[in-house]
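Trainee: This is the structure, below, for whatever I ask next.
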Amino acid sequence: MAWYSSNRRSELPPNWAIIRQRVIRRDRGLCQGVLSEGALCGHPGTEVDHIRPGSDHSMGNLQLLCTWCHKRKTQAESRAGRADKPMPKTHIPRDQREAPPSPW
Ligand SMILES: [Zn+2]
């Protein structure tokens, strides 16, 4: 009976749409991914990410990411095989993004 797709990493609460809008507004629509220089990515964010994967849907555990940063974080998490590793600080600047690194 869930309306969301079953391939989510974690189940989302019924009020997810509201939470999501709140995160987008808090982060001013900008990606919160951290670049290697320590600066924010700052590109338009489209995906609300769980900083620590799991069922913690509190604002403190959510951040807005662009598609690229989110994909990168998801790949890093699946490679690590653990949910508690921090996001690697090896963000590549946009002008070097033509060929995103392959996970294989
Ligand atoms: Zn980003």
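Trainee: Kindly evaluate GLN32 against the criterion of being surrounded by 11 or more Cβ atoms within 10 Å (Cβ to Cβ) and either within 16 Å of the ligand (Cβ to nearest atom) or within 25 Å of GLY81 (Cβ to Cβ) (or both).
Mentor: The answer is yes for GLN32.
Trainee: Within the range 35-56, which residues are part of a loop (DSSP other than H, G, I, E, B) and near the ligand (Cβ under 9 Å from one of its atoms)? Give the steps one after another, and end with the answer.
Mentor: Here is the first cut: in the range 35-56, the residues part of a loop (DSSP other than H, G, I, E, B) are 35-39, 41-43, 45-46, 51-56.
LEU35, CYS41, GLY42, HIS43, GLY45, listed by residue number.
Trainee: In the range 35-50, what residues are crowded, with 16+ Cβ neighbours inside 10 Å and among the hydrophobic types (A, V, I, L, M, F, W, C)?
Mentor: Residues satisfying the conditions are LEU35, CYS41, VAL48.
Trainee: Filter the range 24-62 down to the residues that are touching a Phe, Trp or Tyr at 6+ places or on another chain (Cβ under 9 Å) and either aromatic (Phe, Trp, Tyr) or more than 18 Å from GLU11 (Cα to Cα) (or both) and list them by number.
Mentor: CYS31, GLY33, CYS41, HIS43
Trainee: While we're looking at this one, here's another question. What are the pairs with Cβ atoms under 6 angstrom where one residue, in the range 57-80, is part of a helix (DSSP H, G or I) and the other, located anywhere, is among the polar types (S, T, N, Q) and more than 8 Å from the ligand (Cβ to nearest atom)? Sequence gap at least six, or different chains.
Mentor: Once the first residue is part of a helix (DSSP H, G or I) and sits in the range 57-80, its partners that are among the polar types (S, T, N, Q) and more than 8 Å from the ligand (Cβ to nearest atom) give THR67/THR46.
Laboratory data are not the source of any read-out in this text; all were calculated from the coordinates shown. Model, not experiment: these values are computed from the prediction. Don't worry about glycine lacking a Cβ; one is built from the backbone with ideal geometry, like all the others, and counts go over all protein chains shown.
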